[in-house]
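Trainee: Sharing a structure here in C-alpha cells format.
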Amino acid sequence: MSGDTSSVVVRRGTATDGPTGTRGFFCGPGAGKPLTLPGMQMVLKASARQTNAALSLFETEDEPGLSPPPHIHQDASEAFYVLEGDYEMTVDGETATCGSGSLIFIPPGVEHGFTAGTRTARKLIVFVPGAMESYFEEMDAAVRAGAVSAEQQAAIALRANMVVVTPVIVERS
C-alpha cells in the first residue's frame with residue numbers, strides 16, 4: 001500500500017491500560033497484518049484481540065471495478081471511510097456514489113455491497129464489535145491455494161457470521 005512509511009513518534013506519555021483492561025497501542029504507517037484478496041490489498045491495523053473485541057480496523061487499497069458480492073454481517077456493524085477515489089455503495093437497496101471523505105455506516109443484518117470506481121481507491125473499514133478477521137484471513141489463504149468456489153466462499157463467510165447474498169467464484173490472481 002502506498003503512503004508514508006515513517007514510524008509513529010510518541011512525544012508525551014505512554015500507552016496505558018484502558019477502562020476495559022486492554023493496553024493502548026500504536027500502529028504506524030506500513031504496520032499491521034497484510035492480507036491479499038482478488039482486487040484488494042488489506043492491512044489489519046487493529047484486531048479484536050488488540051482492542052478487547054471493541055473493534056477491528058482494516059485499511060484497503062482496491063483495484064478499479066472491484067465489486068464483492070452483496071452480503072450481510074449478522075453480528076457486527078460496519079463503517080467505511082473513503083480515503084481516496086470513489087465507490088458506488090449500496091446499503092439496504094439504496095445506492096450512492098461516495099468519494100474521499102465519505103462515511104458509510106451499515107448496521108448488523110443490513111444487505112450491502114460496493115463497487116470501486118474507475119481508479120484505485122482506498123478506504124478504512126471498521127467493524128464494531130471486532131469481527132471479520134477470520135473471513136479475510138481464510139479467504140487470503142484459500143485464494144493463495146487456488147480458485148475458491150461459491151460454496152467455499154459461502155462456508156467461509158458463514159463461519160465469520162456473514163451471509164453472502166450472491167456468491168461469486170474467486171480465482172487466484
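The values are calculated or read from the model by the stated rules, or taken from the named source; none is laboratory data. Because the structure is predicted, anything quoted here is derived from the model rather than measured. Using ideal geometry, Cβ is built from the backbone for each residue, glycine included, and neighbour counts are taken over all protein chains shown.
Trainee: Which one of these does K33 not meet: (1) surrounded by fewer than 17 Cβ atoms within 10 Å (Cβ to Cβ); (2) more than 20 Å from A141 (Cβ to Cβ); (3) in contact with a Leu (Cβ under 8 Å, 6 or more places away or on another chain)?
Mentor: (2)
Trainee: I would also like to ask the following. So how many residues does region 149-164 have that are of a type in the set (G, A, S) and within 16 Å of the chain's Cα centre (by Cα)?
Mentor: Residues meeting the conditions: 2.
Residue by residue, here is whether (1) closer than 17 Å to L35 by Cβ; (2) not β-branched (V, I, T) holds:
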| site | (1), (2) |
| --- | --- |
| T60 | yes, no |
| P70 | no, yes |
| A79 | no, yes |
| E84 | no, yes |
| V128 | no, no |
| E137 | yes, yes |
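Trainee: Could you tell me which numbered condition T36 fails, if it satisfies all but one of (1) in a strand (DSSP E or B); (2) farther than 20 Å from T120 by Cβ; (3) at pLDDT below 95?
Mentor: Going through (1) in a strand (DSSP E or B); (2) farther than 20 Å from T120 by Cβ; (3) at pLDDT below 95 one by one, T36 breaks only (2).
Trainee: Looking at (1) surrounded by 15 or more Cβ atoms within 10 Å (Cβ to Cβ); (2) under 20 Å from E84 (Cα atoms); (3) of a type outside the set (K, R), which is the one condition that is false for G99?
Mentor: Exception for G99: condition (1).
Trainee: State all residues of region 52-74 that are of a type in the set (S, T, N, Q) and buried (at least 20 other Cβ atoms within 10 Å of the Cβ); if no residue qualifies, say none. Lay out the reasoning, then the answer.
Mentor: Taking region 52-74 and keeping what is of a type in the set (S, T, N, Q), we get 52, 56, 60, 67, 74.
Hits for region 52-74 are S56, T60.
Trainee: Being surrounded by fewer than 16 Cβ atoms within 10 Å (Cβ to Cβ), closer than 17 Å to P38 by Cα and out of contact with any Cys (no Cβ under 9 Å at 6 or more places or on another chain) narrows it down to one of G93, G117, G146, so name that one. Give the steps one after another, and end with the answer.
Mentor: Details: G93 fails: closer than 17 Å to P38 by Cα; G117 fails: surrounded by fewer than 16 Cβ atoms within 10 Å (Cβ to Cβ).
Within the list G93, G117, G146, the selection yields G146.
Trainee: Taking the options A142, A131, name whichever one is part of a helix (DSSP H, G or I) and not β-branched (V, I, T).
Mentor: Numbers: A131 fails: part of a helix (DSSP H, G or I).
Only one candidate passes the filter, namely A142.
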